[in-house]
1. Looking at region 213-225, which of the residues that are in a strand (DSSP E or B) and in contact with a Gly (Cβ under 7 Å, 6 or more places away or on another chain) is nearest to Arg317 (Cα to Cα)?
2. Select, from Leu263, Leu324, Leu278, Leu228, the only residue that is assigned to a strand (DSSP E or B) and open to solvent by less than 30 Å² (accessible area, probe 1.4 Å).
3. So, in region 67-93, how many residues would count as being open to solvent by 50 Å² or more (accessible area, probe 1.4 Å) and not in a loop (DSSP other than H, G, I, E, B)?
4. Return the pairs, sorted by first residue and then second, in which the second residue is open to solvent by 20 Å² or more (accessible area, probe 1.4 Å), the first residue lies in region 140-162 and is at positive phi, the beta carbons are less than 7 Å apart, and the residues are 6+ apart or on different chains.
5. Which ones in region 1-30 are part of a strand (DSSP E or B) and either touching a His at 6+ places or on another chain (Cβ under 8 Å) or open to solvent by less than 20 Å² (accessible area, probe 1.4 Å) (or both)?
6. Select from region 255-280 the residues that are touching a residue at least 60 places away in the same chain (Cβ under 8 Å) and closer than 17 Å to Gly151 by Cα and write down the one among them that is farthest from the chain's Cα centre (by Cα).
7. Please work out if Gln121 is buried (at least 24 other Cβ atoms within 10 Å of the Cβ), assigned to a helix (DSSP H, G or I) and among the polar types (S, T, N, Q).
8. In region 126-185, how many residues are open to solvent by 30 Å² or more (accessible area, probe 1.4 Å), under 27 Å from Ala269 (Cα atoms), touching a strand residue (DSSP E or B) at 6+ places or on another chain (Cβ under 7 Å) and of a type in the set (S, T, N, Q)?
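The values are calculated or read from the model by the stated rules, or taken from the named source; none is laboratory data. For clarity, every value in this text was computed on a predicted model and none was experimentally measured. Every residue, glycine among them, receives a Cβ derived from its backbone with ideal geometry; neighbour counts consider all protein chains shown. Ligands, DNA and RNA are stripped out before the accessible areas are found, and what is left, the full protein with its side chains, is counted by its heavy atoms. Shrake-Rupley method; radii C 1.70, N 1.55, O 1.52, S 1.80 Å.
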Amino acid sequence: MHAVVAREAGGPEVLSYTELPDPTPGPGQLLVRVAAAGVNFIDTYRRAGVYPMQYPHVVGAEGAGTVEALGDGVTGFAVGDRVAWHEGPGSYAELVAVDAAGVVHVPEGLDLTLAAALPLQGITAHYLVRSTFEVQPGHDVLLHAGAGGVGLLATQLAAGRGGRVLTTVSTPEKAALSSAAGAAHTIDYAAMSDITAELPTVVRELTDGQGVHVVYDGVGASTFEASLASLRPRGMLVLFGGSSGQVPPFDPQRLNKGGSLYLTRPTIAHYALTRAELEWRTSEVLGAAASGDLDVRVGATYALSDAAEAHAALEGRATTGKVLLVP
């Protein structure tokens, strides 16, 4: 099979499109022919060595495809089933062996390529809006990177629950996409010379001086201070990523001074702890996509052999929606 390997820690240039032996499913695993693999920031962290990894390794963890073989002890799946997963190491490949415990069925009527765009970012958007801070009617929400993959999905989910969503974007085109997803206001942070000082001012103007109930921040270092300053008393900052870099060490006493604020750093593994929880989140997200109630934007599709180009585009913030690789 063909696969994309990170030879060593580094930039997109360390990715190599190569031939490897076909994998064999071990006990409790499925062998899946990949229809499409999702490209995510966590892939770039693992490639770059931000998260410790062994090198060389086949990159990627998310995808969708068709079951080709079952490992020992697998139940609930059959050869030919259409499936998707959010944590299947080695997914930038034509074939991948995935633990069945983390695999879900794809509803009829949902294209496999579109299904590959949903597991990681869809579960993330779902847990942010439904669990980490459960958006209710009347809540004011600030969401960074409103035209990104998580941003577009989370905006739809939060607005659908009655929240008033403010998003940050960097271009008029991204503002249009965010508005179409349900954002009540879009804020062009690219026009700001000092986002830390200017963004909270704009947010408070839009919230009668109060600030927002929650900030969903997947950007990290460059937005963290502005996010904290945009909260109302007892507001929550949900720091779920660091696309601009990791946030430096933080003095928790600042939460007191800021208004008895809450700060959490969630991760998907802790919001899909059980099979029941995984199926709840994916059934709602994949089901809404299959019915047309959730609009899923695939912003760019690259050939598997062009994975380095896809990583460069994602890290350069040149993408909107989801980025996919197709074998």
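1. First pass over region 213-225, keeping only residues in a strand (DSSP E or B): 213-217.
Cutting the leftovers down to in contact with a Gly (Cβ under 7 Å, 6 or more places away or on another chain) gives us 213-214.
Values: His213: 27, Val214: 24 Å.
Here the residue is Val214.
2. Leu324
3. Applying the first criterion (open to solvent by 50 Å² or more (accessible area, probe 1.4 Å)) to region 67-93 yields 68, 70, 72-73, 75-76, 79, 82, 87, 89.
Restricting the remaining residues to those that are not in a loop (DSSP other than H, G, I, E, B) gives 68, 70, 82.
Of the residues in that region, 3 qualify.
4. Close Cβ pairs satisfying both conditions: Gly162/Gln136; Gly162/Pro137; Gly162/Gly138.
5. Let us first name the residues in region 1-30 that are part of a strand (DSSP E or B), namely 2-6, 15-19, 29-30.
Hits for region 1-30 are Ala3, Val4, Val5, Ala6, Leu15, Tyr17, Thr18, Glu19, Leu30.
6. Applying the first criterion (touching a residue at least 60 places away in the same chain (Cβ under 8 Å)) to region 255-280 yields 264, 266, 268-269, 271-272, 275, 278-279.
Keeping just the survivors that are closer than 17 Å to Gly151 by Cα gives 266, 268.
On the way: Pro266: 12, Ile268: 9 Å.
Top of the filtered list is Pro266.
7. On the way: buried (at least 24 other Cβ atoms within 10 Å of the Cβ): yes; assigned to a helix (DSSP H, G or I): yes; among the polar types (S, T, N, Q): yes.
Yes; evaluated as a whole, the condition is true for this residue.
8. 0
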